1. Need the full-extension length gain, Tyr486 to Ala542, defined as separation in residues times 0.36 nm minus the C-alpha distance. One decimal, nm.
2. Probe 1.4 Å, all protein chains in place: accessible area of Ile20 in Å², nearest 10?
3. What number do you get for region 325-399 when its Cα radius of gyration is normalised by 2.2 N^0.38 Å, N = residues?
4. Between Ala440, Val396, Phe474, whose Cα lies farthest towards the positive end of the dipole of region 356-495 when Lys and Arg beta carbons carry +1 and Asp and Glu beta carbons carry -1, centred on the Cα centre?
5. With every protein chain in place, what's the accessible area of Glu379 (1.4 Å probe, Å², nearest 10)?
6. If you count only protein heavy atoms and use a 1.4 Å probe, how large is the accessible surface of Ser53, to the nearest 10 Å²?
7. Taking the dipole about the Cα centre of region 316-474, with the C-beta of Lys and Arg at +1 and of Asp and Glu at -1, give me whichever of Asn349, Ser465, Gln450 is farthest to the positive side.
8. Given region 393-490, what percent of its DSSP beta bridges are antiparallel, to the nearest 5?
Amino acid sequence: MALVDIQVPDIGDFDEVTVIELLVKPGDAVKAEQSLITVESDKASMEIPSSQSGVVKELRVTLGDKVKQGSVVLTLEVAGAEAAPAAEKKPAAAPAAPAQAASNSVATSAPAAAAPAASGPVEVRVPDIGDFKDVSVIEVLVKPGDTIKAEQSLITVESDKASMEIPSSAAGVLKELKVKLGDTVNIGDLLAVLEGSVAPAAAAAPLPAASASAPAAASVSVPAAVAPVAPVAAMPAHEPTAAPQGGLPHASPSVRKFARELGVPLAELKGSGPKGRITQDDVQAFTKSVMAGDTRTQAQVAKAPAASAGGAGLDLLPWPKVDFTKFGPVERRDMSRIKKISGANLHRNWVMIPHVCNHDDADITELEAFRVQMNKENEKAGIKITMLAFLIKASVAALKKFPEFNASLDGDQLVLKQYYNVAFAADTPNGLVVPVIKDADKKGIVQISQEMGELAKKARDGKLSPADMSGACFTISSLGGIGGRYFTPIINAPEVAILGVCKSQMEPVWDGKAFQPRLMLPLSLSWDHRVIDGAAAARFNAYLGQILADFRRVLL
Ligand code: CAO
């Protein structure tokens with residue numbers, strides 16, 4: 001064992017920053033790159049990662065301390081062989097300083113009110129976000145019609161290493177938002193168009209890639225190997241209050257991520273950290289109180305509309321705590337990231353949606369014969385037409401005929417979609433993922449089969465992007481390649497129905513005169529009874545069966 005001091009790495013132009021959060025305590029085992037503390041300047045907050053793995057021996061900072069590059073954060077006990085040579089004891093990589101500080105500092109130094117106001121549309125682009133490329137939009141914080149202040153956060157983006165909020169470089173009314181959840185963005189991409197009184201050009205100018213060096217005060221060098229720090233939206237110098245910008249919960253990126261994984265609505269939490277910041281403990285305490293049936297929490301949750309981000313507080317018994325080792329040997333295994341995320345979502349959907357499931361059978365004798373024939377003819381082209389592709393196409397026809405299945409609940413309103421994106425559940429070594437075939441109504445069976453093959457491969461390789469998995473209207477979960485007869489799939493909120501499909505098999509079917517051997521496909525349709533009635537569900541399934549029995553009906 002060796003003792004290693006972990007220091008604050010190069011944090012760009014920030015001289016001294018305040019420690020606002022301690023993310024570990026003595027005795028904790030930390031991994032290399034795990035965040036240790038959160039620091040905040042007048043322009044930004046960021047998490048400081050560990051450069052090594054080990055066990056925290058001593059914390060060398062406390063809340064409120066001022067630190068700068070080289071300050072010792074803590075002493076780590078590391079396995080002898082792993083202790084880094086002296087030269088490497090310096091932080092391996094500096095955190096990516098929040099480049100949006102650039103736009104902040106510009107806007108702050110030239111406030112819109114003091115400047116001659118201009119009017120007309122102004123484009124807001126993604127500023128210099130350091131080395132982060134193709135970051136995903138995980139939160140959209142504004143909507144068209146909102147009045148936006150300069151520096152107000154518009155969206156939150158997340159890479160595999162960090163999350164950050166992207167602020168507006170100008171003030172005005174949001175005319176058009178050019179990105180949506182799941183999109184990936186890069187420096188210079190157009191985010192939004194504002195209208196009305198805007199900051200003068202110099203202040204409002206976005207930071208395209210070429211002008212990353214723009215304002216000297218804000219230019220920050222970002223090393224190639226960026227540690228998993230999480231720069232977040234600047235807390236502007238003039239707003240050191242507890243109130244988060246635009247009413248957003250005040251929490252660090254890791255806490256936001258943690259809350260998202262558990263399905264905890266941050267907006268309903270009261271932060272116990274400095275300036276009202278929500279800490280990981282606050283999120284854990286909230287979860288425990290919901291599990292324990294805390295009435296205050298339930299009341300808060302009950303206030304949230306059914307289709308809002310609110311979770312469901314149920315007055316349930318606590319989860320049984322059992323010492324399994326009393327009964328026999330056990331092995332403990334961490335749940336995969338995908339399982340944790342999908343588990344939290346499935347749990348919410350199961351609890352919040354009144355599911356009903358209808359079972360039916362479709363006669364696919366002719367369709368399967370056609371599919372096999374097509375695959376024989378196209379063997380050389382290397383494209384395999386799958387039954388699932390036909391199911392996607394048939395579902396689109398059914399969604400068109402029964403539009404309330406192609407909808408989402410939004411409070412007391414039903415949002416009827418006029419596009420047809422169909423997701424399919426894919427089993428991967430790490431868990432269940434749900435990629436989406438976009439605009440399935442505009443694609444043929446061959447193209448859908450091809451896209452499905454590509455998405456299923458990406459899923460197995462763990463390479464699906466959030467964009468690949470967002471925007472679905474309806475989901476199909478096919479266990480047909482595995483077996484089974486029927487099951488009750490869980491609806492993928494905010495969708496209102498999901499189709500489960502099992503293995504087809506030859507069955508004797510009475511044709512009025514005799515039993516005929518027919519290939520029957522078992523269908524299980526789960527639907528949200530708040531939106532769909534039983535009769536409509538039975539008609540949807542029956543129509544789906546008719547189409548699968550004779551695809552010419554799609555043309556009618
Ligand atoms: N009946 C009979 N056979 C079927 C069938 C059905 N309904 N559906 C597929 N098959 C056959 C295929 O024709 C294929 O046979 P051949 O290799 O002889 O051509 C075989 O089963 C394997 O198919 P597949 O499952 O690999 O391919 P697919 O297009 O049917 O499905 C995918 C692709 C990604 C959906 C699938 O691999 C998968 O992951 N399924 C699991 C989904 C899941 O886990 N759902 C549960 C969610 S709830 O927890």
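The values are calculated or read from the model by the stated rules, or taken from the named source; none is laboratory data. Because the structure is a prediction, the values reported are computed rather than measured. FYI the Cβ positions are ideal-geometry reconstructions off the backbone, even for glycines, and counts take in every protein chain you see. The accessibility values were calculated without ligands, DNA or RNA, using every heavy atom of the protein model including side chains. Shrake-Rupley method; radii C 1.70, N 1.55, O 1.52, S 1.80 Å.
1. Full extension of this stretch gives 18.6 nm more.
2. 10 Å²
3. This ratio for region 325-399 stands at 1.86.
4. Ala440
5. 140 Å²
6. For Ser53, solvent-accessible area is about 50 Å².
7. Among Asn349, Ser465, Gln450, the one farthest towards the positive end of the dipole of region 316-474 is Ser465.
8. That works out to approximately 75 percent antiparallel.
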